[in-house]
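The values are calculated or read from the model by the stated rules, or taken from the named source; none is laboratory data. Everything numeric in this text was worked out from a predicted model, so none of it was measured. Positions of Cβ are generated from backbone atoms using ideal geometry, with glycine treated the same way; all protein chains shown enter the neighbour counts.
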Amino acid sequence: MRAPACMPVLLALLGGCRAGPTEADALAWQKRELAKREQSETPAEKPAAEPTGLFHHAGPAVAPGGTGPARYALLVYEAFDSARALSLAEFTDRFWREPGNQGYEAVLARVREELGSLRFGEDPERTLQWIQTPMSEPAWTPLSGRLVLHSSAGEHVLHAFDAPEGRDRLMLPKNAPCADVQGRIALSLESLQPGEVLVLERHASRKLIEDARARGAVALLACTLEGFNTDKSGKQRELDAIQYQSVPAGTTLPCGQISRRSLQAIRAALGADPGAQLEFHAAAKTEQQPLHTLVATIVGSTEPDKAVALAAHVQEPGACDNASGVATQLELLRAIVAGLDSGRIERPRQSLCFVWGLEMRQSSILLEQPGRTIVAAVVGDMTGESREASGALPLLERPPDPGALEALAPDAHTEWGASPVQLKDADASAIALVARTALHDTALAAGGWETREHPFEGGSDHQVFLGKGIPAVLFWHFTDFTYHTSLDRMEMVDPEEMRRTGTAIASTALALADARPGDLDRYLRSLRLEIALRVQAAEKAQRASIATRWAQWERLERQWLRRLCLGEKAGLLPAIDAPAADAK
């Protein structure tokens, strides 16, 4: 394993340990950080000094200290086995995972087996739930596909796969029926003649499928990509990308997806031979299956009926999205368990619930379970992108806050795009501040990390929790040009990035589940740094309303932090509160 470029700095913090940090090293590191905080007490009005070369975060600074996520970052990072996580990601990536299908079930079975080896389901402090719920649609498993271009130049196989791990498996959109057809080619709906294969640069919507069938098409092939799928390296790798798509369940017209390179080949063949034909074969299996959701819980020591949720969805056929998330969550759980078993990590006051299943639905299912109240959620989606291979950066997505009303520097939305939000004071939290602190502490433990954050955009499990008024954040990576395409395979995954992201997720969740009074000072100092930055940016942009809203938001976040660290009644204590103007 290659050491990070800044590892000498970490070694210095750990007293020069070269064989890997021991328990004494980890505790010494924490004590040094705490001593540094107590001795230097950086004034709240000034930016906190960050360790040179370690933490590069495009966002607010974090007050240094050994509290909050710092209690866990090095311990989790040390115990996280990136090679083992990569192995599980490789296993998961072998399958096209859709709800209830063979690949989805195989991955859940593997995770369930590994959880059993950690005594989940046997130890009263480690419970395991295998939840079964009905599905409204049959489970769909792709088996094989083949698309052949026949022209005067000969026979050219454009796409083919005959095993779940096949490179061209996305040539079948989800729910595609079986097919065994051949016909001449039409490049527009208007020119389509009965018995022809329609090829378009359009998504195969329900209406388009119906129109193509009505005109006598024997198959519909679509070539689609998003703007963010463009390979920014200039290598034009997107030409070979097949986009992950779906057609309505019950579709009977054979449907397929093709790459831009294949579309170019088809157009070129037609130009030379108007009689060129396409031969299309597809095999898939549909069956009525229940939906399974897997929940592993580390039962809290003193408040077991309250829980912090961690979610990683299983479905979707990508290595980064979300084989990396499945594996990252299991391995960070292993790291926490290792800390608990060794005594290096205390069992958190509140429970930790780890859920694997169908995106969005898994979180709703978890919330429907009786016996525990979910008080916060940390979601890991697309956790392992290699920046060098995919171009994606590690990101923290905040819940709705004033930055979601108008993104001002250093905030910027990703290419995913903004979502409209309505801010409710009752939903205000400082969970993003805790997560940002975890990014800082992970960078220190890992010997360096460059990260970013952005306002709320939605699109993953955090949205479900936020919709119920539960504080939630998303750890993810973007812009990944391979997102939702056939190029999202294991060569895009960086096991060390999984390790860093997993450490940040685990440190955030543990800090939330076992917040302590001593954490409050560092959080409040970090909050003052953030609000000063936000208000200054709003004033510079002459957006007085945004500056005012951030100043109001600070008081709400302070109250939330007091409740987190001091208990439910702490939010009523005015003595700790401070006006936003103090941060300027």
Inset, instruction - Tally the residues that are more than 17 Å from Cys255 (Cα to Cα) and not basic (Lys, Arg), restricting the search to the stretch 163-174. - result: 4
Inset, instruction - Would you please name the residue that is nearest to the chain's Cα centre (by Cα), looking only at residues in the stretch 345-359 that are assigned to a loop (DSSP other than H, G, I, E, B) and crowded, with 17+ Cβ neighbours inside 10 Å? - result: Glu359
Legend entry - Qualifying position, being touching a helix residue (DSSP H, G or I) at 6+ places or on another chain (Cβ under 7 Å) and within 18 Å of Thr437 (Cα to Cα), among Leu524, Leu487: Leu524
Inset, instruction - Among the residues of the stretch 314-333, write down those that are touching an Asp or Glu at 6+ places or on another chain (Cβ under 7 Å) and touching a residue at least 60 places away in the same chain (Cβ under 8 Å). - result: Gln315, Gly318, Ala319, Cys320, Asp321, Asn322, Ala323, Leu330, Glu331
Legend entry - Elements of type strands (runs of 3 or more DSSP E) contained in the stretch 272-331, each with 2 or more residues being under 20 Å from the mean Cα position of the chain (by Cα) and closer than 21 Å to Asp162 by Cα: none
Legend entry - helices (runs of 4 or more DSSP H) within the stretch 371-482 that include 3 or more residues closer than 24 Å to Leu527 by Cα and of a type in the set (Val, Ile, Thr): 431-446
Legend entry - Selection within the stretch 142-165 - touching a strand residue (DSSP E or B) at 6+ places or on another chain (Cβ under 9 Å) and either more than 16 Å from Phe280 (Cβ to Cβ) or at pLDDT below 95 (or both): Ala163, Pro164
Inset, instruction - Give me a count of the residues in the stretch 422-464 that are out of contact with any His (no Cβ under 9 Å at 6 or more places or on another chain) and in contact (Cβ under 8 Å) with a residue 60 or more places away in the chain. - result: 20
Inset, instruction - Give Ala153, Ala163 a once-over and let me know the one that is of a type in the set (A, V, I, L, M), surrounded by fewer than 16 Cβ atoms within 10 Å (Cβ to Cβ), out of contact with any Asp or Glu (no Cβ under 6 Å at 6 or more places or on another chain) and under 29 Å from Glu113 (Cα atoms). - result: Ala163
